[in-house]
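Undergrad: Structure provided below as structure tokens; questions to follow.
Readers should treat all values here as calculations from the given coordinates under stated rules, not as data from a laboratory. Since this is a predicted model, take the numbers as computed values, not measurements. Cβ placement follows ideal geometry from the backbone for every residue including glycine, while neighbour counts extend to all protein chains displayed.
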Amino acid sequence: MFLKRQMPAIIAIGVGLFILFGHFINNPNIQGFVNNDATQWFDIIASFAIFLGALNMLKLQVVKVVKRSKGWQYSLLAIFGFAFAIFAGFFFRGANYITLTEINPHKVNILVEYISTIQEVDDPVLMASRIEGSLASYEIPKIFISKATAESFAVSLSSIANNVTLGVKPWGAHVQIKGSLFSWMFFKIFTPLSSTMFALLAFFVASASYRAFRIRNFEATLLLVSGIILMIGRVPVGELVPWWLVSTLIVFGIGALIAPFIPNKKLLFGIIIGGITLSSGIGVLLDWNLAVNIPGFLSLPNISEWIFDYPTAAGSRAIMIGIALGTIATSFRIILGIEKPF
Amino acid sequence: MDLLKKIFIALGSMDRRFIFLLVGLSVLLPKLYPDLFTLPIKPSSHSLRVFDEIDALEENSKVLVSFEYGPSTKPEIHPSAIALLNHLFSKNIKIYAVALWPDGNFMATEAFSQVSDKYGKKYGIDFVNLGYKPGGEAVVKGLASDIRTMYTVDLLGNDIDSIQMMQGVSNLSDLDFIFSLSAGYPGSKEWVQFACDPLGIPMSTACTSIQVTDIIPYVENNQIKGILSGMPGAAEYEQLVQSALYDRSVTVEPGKASINMAAQSMAHVVIVLLIILGNITYYLTRKSSNKGGI
């Protein structure tokens, strides 16, 4: 019981208080612990957390398959994907490469031709000059997943160089090198799937906004208007919106704001029409058709930038300060042992 | 008038598959016929700030570029990464790459492979990729204190003490600038809070459009020197870099963000039109239902 309940609390309280007060104690050993050791501890624990997270995911999927829960077929696919990633990461490097030593200088162009049969060469002249610069030893810029393919290509190069050797990229590095099995999995399977999932959002956002974005009250109208300004103002098409359209929209906006205070609809209509005529007249007189003459507040990109810089920044700051205060309160509760999320 | 009303009400109850088709076409057509959808790209003040900050760096300055995005946000951030590497390499600046996201490793590898050869830059001399470490803010704090406690080897397994450009670099204070390519947590915020602010290192960021609201207070506070917001920001920076490199007699092909901006513009216009249409229908049906009609 002590190990399960009191011990974790003692560790959390002790380490929490030590690191908190460590920031205020000017002692090199304590500072060293807070800045270096504690972050390394965190790094090690985070690495274990990834391992535990993966195991937990695997356990959940296996249980789903065993129990034949709803959608168990997808879990099977998830387990297969997991196993494949483990295989490509830990058991099969699939990162073979070929090195040529003492290349025959007269056969450099033939070598470039050979390389162009296995991968696209953007600039053959540049590649030839690079090979000429490293005739003593040159690594073919292509990774072979299968050793047999690498060997058969190496055989075809035997007449070009004095020595053709086959190598495998070291463990760890093989995961990152373009052309290896793991990199193939990332770029050919994970990337398209991930991009597709994200791209689908555009369709659902369009459909949802069409159905749900309604002018129901003042707040909804404000949200809608600023949303539209940002959507149009942040893309190049916003530059094409003419000043008179923006000034007309501003007059309509002012009309909507003063409408509750003017019961006479004819007067309101007159004010709006008068405002549009006045703003258009001023625009024509001051020659706002010339881009340099347009006042900043009549350009949608400028309005959208203003929304970002002032109302958005103010709102975000308020939220951030609120979150910070909440974090401090929660941290204190954990450090003092009042709350035990662990 | 009644006919018009009926048309609007019918449009208002459009099948969602038709909406999907409209959105699909609005993205597809500008991609298929780019010449018909050429739009001007004017840099915002935030993008200009990023460009000016990077452009002011001197030759052989040391810049840390952090990759915190993956394939799902690649269309928004990767163009910024490519433009940034073009900008930095053209000025002969040393680049130190790290990743706070596991996917960031792949993004960094791809970005370097796309750009480094063009400038004849060599790994270990002109750029180095230290790779991914789990831990988020703890990694940032660790790097701020001592890089070697976090990284003993680089992404390719080389001992970092054997890498030429790591000589004389012990922590983030030895670097001149930090650039965060961020799509969420851990990302730009953590760099500001645990490294750039305490150590006084200037930083800029390129992030997804959705993140801008979270990051903008730091930009307004001058803790982050400019922000490239989403694909529009990337397109603006691409244009600035392209024209600057043209002046330095370096030809750079138009970036992907600039090409994709027409598609994004059209999609936004379609969504806005759909919202307006939906509201007209809502207004008409509300009035009718108030009168006991439809």
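Undergrad: Taking the Cα centre of segment B:45-254 as the origin and placing charges on Cβ (Lys, Arg +1; Asp, Glu -1), which of B:198, B:89, B:57 is farthest toward the positive end of the dipole?
TA: B:89
Undergrad: Would you mind checking the tilt of helix B:2-12 against the longest principal axis of the Cα atoms of chain B, expressed as 0 to 90 degrees and rounded to 10?
TA: With both axes taken from Cα atoms, the answer is about 30 degrees.
Undergrad: Treating only the Cα positions of segment A:92-212 as identical point scatterers, give the base-10 log of I(q)/I(0) from the Debye formula at each q in 0.12, 0.13, 0.17 Å⁻¹.
TA: Ignoring solvent entirely, the Cα scatterers give -0.55, -0.61, -0.87.
Undergrad: Take the Cα radius of gyration of segment B:84-205 and divide it by 2.2 N^0.38 Å, with N its residue count; two decimals is plenty.
TA: On the way: Rg = 13.5 Å, N = 122, 2.2 N^0.38 = 13.7 Å.
Cα-based Rg divided by the globular estimate yields 0.99.
Undergrad: Turning to a different aspect of this structure: Kirkwood hydrodynamic radius for segment B:8-71: how many Å is it when counted over pairs of different Cα atoms?
TA: 17.0 Å
Undergrad: To continue, here is another question. Does a label point 7 Å from the Cα of residue B:56, set along Cα-to-beta-carbon, have any residues of segment B:157-198 with amide nitrogen under 16 Å, and which are they?
TA: Residues B:176-179 qualify, since their backbone N sits under 16 Å from the label point.
Undergrad: Turning to a different aspect of this structure: Return the long-range amide H neighbours of residue A:104 (sequence gap of 5 or more, or a different chain), with a cut-off of under 5 Å between placed amide H atoms.
TA: Close amide H contacts, sequence-distant or interchain: A:161, A:162.
Undergrad: Leaving out same-chain residues fewer than 8 places away, which lysines sit with a Cα under 28 Å from that of residue A:70?
TA: Partners within reach: A:59.
Undergrad: How many partner chain Cβ atoms sit within 10 Å of a residue's Cβ in peptide B:131-141, on average, as a whole number?
TA: Details: counts 4, 1, 3, 9, 11, 3, 2, 9, 4, 1, 7.
Mean inter-chain Cβ contacts per residue within 10 Å come to 5.
Undergrad: Hey, what angle do you get for helix B:45-55 against the long axis of chain B, alpha-carbon based, 0 to 90 degrees rounded to 10?
TA: 20 degrees
Undergrad: Provide the convex hull volume over Cα atoms per residue for chain A, in Å³.
TA: 340 Å³
Undergrad: So what J values fall out for segment B:200-213 if you push phi through Karplus, 6.51 cos²θ - 1.76 cosθ + 1.60 with θ = phi - 60°, rounded to Hz, Gly and Pro as x?
TA: x, 9, x, 9, 10, 9, 10, 9, 6, 4, 5, 8, 4, 4
Undergrad: Continuing with the same structure: Helix-only estimate, please: 222 nm mean residue ellipticity of chain A, summing -39500 (n - 2.57) across DSSP H runs of length 4 or more and dividing by its residues, to the nearest 500.
TA: Computed ellipticity for chain A at 222 nm equals -20000 deg cm²/dmol.
Undergrad: Here's something else I'd like to know. Output the 0 to 90 degree angle, nearest 10, between the alpha-carbon long axis of helix B:74-90 and the longest principal axis computed from the alpha carbons of chain B.
TA: Value to nearest ten degrees: 40.
Undergrad: Same structure again: Where the Cα atoms of the protein assembly as shown are projected onto their three principal axes, how long is each span, largest first, in whole Å?
TA: Largest first, the protein assembly as shown extends 93, 74, 60 Å along its Cα principal axes.
Undergrad: Moving on to the next point. In whole Hz, what ³J(HN,Hα) sequence does segment B:56-70 give by Karplus (6.51, -1.76, 1.60; θ = phi - 60°), x for Gly and Pro?
TA: For segment B:56-70, the Karplus curve yields 7, 5, 8, 4, 6, 5, 10, 10, 9, 10, 9, 9, 10, 8, x Hz.
Undergrad: Something else about it: Based on DSSP, what percent of beta bridges with both residues in the protein assembly as shown are antiparallel, to the nearest 5?
TA: 30 percent
Undergrad: Per residue of segment B:14-27, what does 6.51 cos²θ - 1.76 cosθ + 1.60 with θ = phi - 60° give for ³J(HN,Hα)? Whole Hz please, x for Gly and Pro, Karplus curve as stated.
TA: 4, 5, 5, 5, 5, 5, 4, 4, 4, 5, x, 5, 5, 8
Undergrad: Also: Remind me, relative contact order of chain A in percent, using alpha carbon pairs under 8 angstrom and six or more residues apart?
TA: The normalised contact order for chain A reaches 16 percent.
Undergrad: Take every DSSP beta bridge with both residues inside chain B and express the antiparallel ones as a percent of the total, to the nearest 5. Walk me through the numbers on the way to the answer.
TA: Details: 1 of 27 bridges.
Counting only bridges with both partners in chain B, antiparallel ones make up about 5 percent.
Undergrad: Could you give the Stokes-Einstein D for chain B in µm² per second, using the C-alpha Kirkwood radius, 4 °C, 1.567 mPa s?
TA: On the way: Rh = 20.9 Å.
This corresponds to a translational diffusion coefficient of 62 µm²/s.
Undergrad: Please average, across the residues of A:96-109, the number of beta carbons from any other chain that are within 10 Å of each residue's own beta carbon, and give a whole number. Mind dumping the intermediate values first?
TA: Numbers: counts 0, 0, 0, 0, 0, 0, 0, 0, 0, 0, 0, 0, 0, 0.
Average neighbour count from other chains, rounded to a whole number: 0.
Undergrad: Okay, next question. Just need log10 I(q)/I(0) for segment A:2-90 at q = 0.17, 0.22 Å⁻¹, Debye formula, equal scatterers on the alpha-carbon atoms, no solvent, rounded to two decimals.
TA: -0.82, -1.04
Undergrad: Would you mind calculating the relative contact order of segment A:213-342 from Cα pairs under 8 angstrom and at least 6 residues apart, reporting the percent as a whole number?
TA: With pairs under 8 Å counted, the relative contact order is 29 percent.
Undergrad: Dividing the convex hull volume of the alpha carbon atoms of segment A:213-342 by its residue count, what do you get in Å³ per residue?
TA: Convex hull volume per residue, Cα atoms: 172 Å³.
Undergrad: Amide H of residue B:97: which non-local residues (sequence gap of 5 or more, or other chain) have their own amide H closer than 5 Å, using H built in the peptide plane?
TA: Residues meeting the amide H criterion: B:65, B:128, B:129, B:130.
Undergrad: Would you give the gap between the C-alpha center of segment B:77-97 and the C-alpha center of segment A:1-60, rounded to a whole Å?
TA: 36 Å
Undergrad: Contact order normalised by length for chain B, with contacts defined as Cα pairs under 8 Å and 6 or more residues apart; what percent is it?
TA: 25 percent
Undergrad: Let me confirm one metric for peptide B:14-20, namely the mean number of other chain beta-carbon atoms within 10 Å of its residues' beta-carbons.
TA: 4
Undergrad: Something else: Taking a 18 Å limit on the Cα-Cα distance, which of the listed pairs B:122/B:256; B:94/B:121; A:142/A:169; B:42/B:91; B:133/B:256 fall beyond it?
TA: Working: B:122/B:256 25 Å; B:94/B:121 10 Å; A:142/A:169 12 Å; B:42/B:91 24 Å; B:133/B:256 29 Å.
Violating the 18 Å Cα-Cα cut-off are B:122/B:256; B:42/B:91; B:133/B:256.
Undergrad: Which of B:284, B:84, B:57 moves most in a GNM of chain B, Cα contacts under 10 Å?
TA: Looking only at B:284, B:84, B:57, the biggest GNM fluctuation is shown by B:284.
Undergrad: Here is a follow-up. Based on the Cβ-Cβ distance of residue A:325 and residue A:121, what FRET efficiency does E = 1/(1 + (r/R0)^6) give at R0 = 51 Å, to the nearest 0.05?
TA: On the way: r = 59 Å, r/R0 = 1.16.
For residue A:325 and residue A:121, the calculated efficiency is 0.30.
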